[in-house]
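Here the structure is laid out as structure tokens; the discussion comes afterwards.
The values are calculated or read from the model by the stated rules, or taken from the named source; none is laboratory data. Values in this document were obtained by computation on a predicted structure and should not be read as measured data. Note: ideal-geometry Cβ built from the backbone for every residue, glycine included; neighbour counts use all protein chains shown. In case anyone asks, the SASA skips ligands and DNA or RNA and just uses the protein heavy atoms, side chains included. Shrake-Rupley method; radii C 1.70, N 1.55, O 1.52, S 1.80 Å.
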Amino acid sequence: MGNLFCCVQVDQSTVAIKETFGKFEEVLEPGCHFLPWCLGQQVAGYLSLRLQQLDVRCETKTKDNVFVNVVASIQYRALANNANDAFYKLSNTRSQIQAYVFDVIRASVPKLILDDVFEQKNEIAKAVEEELEKAMSAYGFEIVQTLIVDIEPDEHVKRAMNEINAAARMRLAANEKAEAEKILQIKRAEGEAEAKYLSGLGIARQRQAIVDGLRDSVLGFSVNVPGTTAKDVMDMVLVTQYFDTMKEIGASSKSSAVFIPHGPGAVRDVATQIRDGLLQGSFADQS
């Protein structure tokens, strides 16, 4: 209906290319325009001024011979003041942009190892954007933003990287566990040493107290009972301790001690036997 009345409507964020007998004449802004077809005027086509996005997947190889798929997202738009260049100079804008992206990525990624590709993806995106901006500005297009949105190594490479990372973490965990066990053993040894030291002090003080008590008992008994010697008092004290020990053992209902025939004088006999054995062993060595 618009062509019948020689009127053309151009939508918002769009421009139309006006031709007269096949020759470019002007760029039509959004709105309604009168184009008498009888005078050879017509709309050759429409050009969107909206921001467009092109995702480009490029397969390339890194410096350490790992094949990766790099996905670049290119955001671009046509410039209204250069709409005629954007319309006439390029027959396939998306293919042209894709070719430049391939060229830059395949020139940049092979210089880097795989780990550096992940770390320097912003530098790769910047290089792509600079190259596209320089090339596409001559054709009436503006490169708004270039992003490297994904880097996909081969599946086997990703699995190997995950295994390496897992092994490194397990090694770190093992080191930490070993260090913790080492600390526990050191603390346990220090505690045992301290306990033995304190136990030794307690035994030493106990024996000192026993010796002091025996000395006081012997001295007191010798003073109060005339005619007794210190040896007599010591023999009596030892016999008393012997019977006290036997009493303590026999008083326990759960005692598992086995007694053999003996008497108080057996203590002296045992001491004599040990002394005689030592003397006989010394004589045998000398002969």
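Just a few scattered comments:
Yes/no per residue for (1) open to solvent by less than 80 Å² (accessible area, probe 1.4 Å); (2) acidic (D, E):
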site	(1), (2)
D154	yes, yes
M170	no, no
A178	yes, no
A195	yes, no
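- Any hit, segment 43-52, residues being within 30 Å of A107 (Cβ to Cβ) and open to solvent by 20 Å² or more (accessible area, probe 1.4 Å): yes
- Counted residues, segment 1-42 - those being of a type in the set (A, V, I, L, M) and open to solvent by 20 Å² or more (accessible area, probe 1.4 Å): 4
- Some residue of segment 19-27 being assigned to a helix (DSSP H, G or I) and farther than 25 Å from V109 by Cβ: no
- Among the residues making up segment 85-126, those that are touching an Asp or Glu at 6+ places or on another chain (Cβ under 7 Å) and either closer than 16 Å to D150 by Cβ or open to solvent by 60 Å² or more (accessible area, probe 1.4 Å) (or both) are I113, L114.
- Scanning segment 86-114 for residues that are in contact (Cβ under 8 Å) with a residue 40 or more places away in the chain and under 30 Å from E26 (Cβ atoms) yields A86, F87, Y88, K89, L90, T93, R94, Q96, I97.
- Residues in segment 180-193 that are open to solvent by 90 Å² or more (accessible area, probe 1.4 Å) and aliphatic (A, V, I, L, M): 1 in all.
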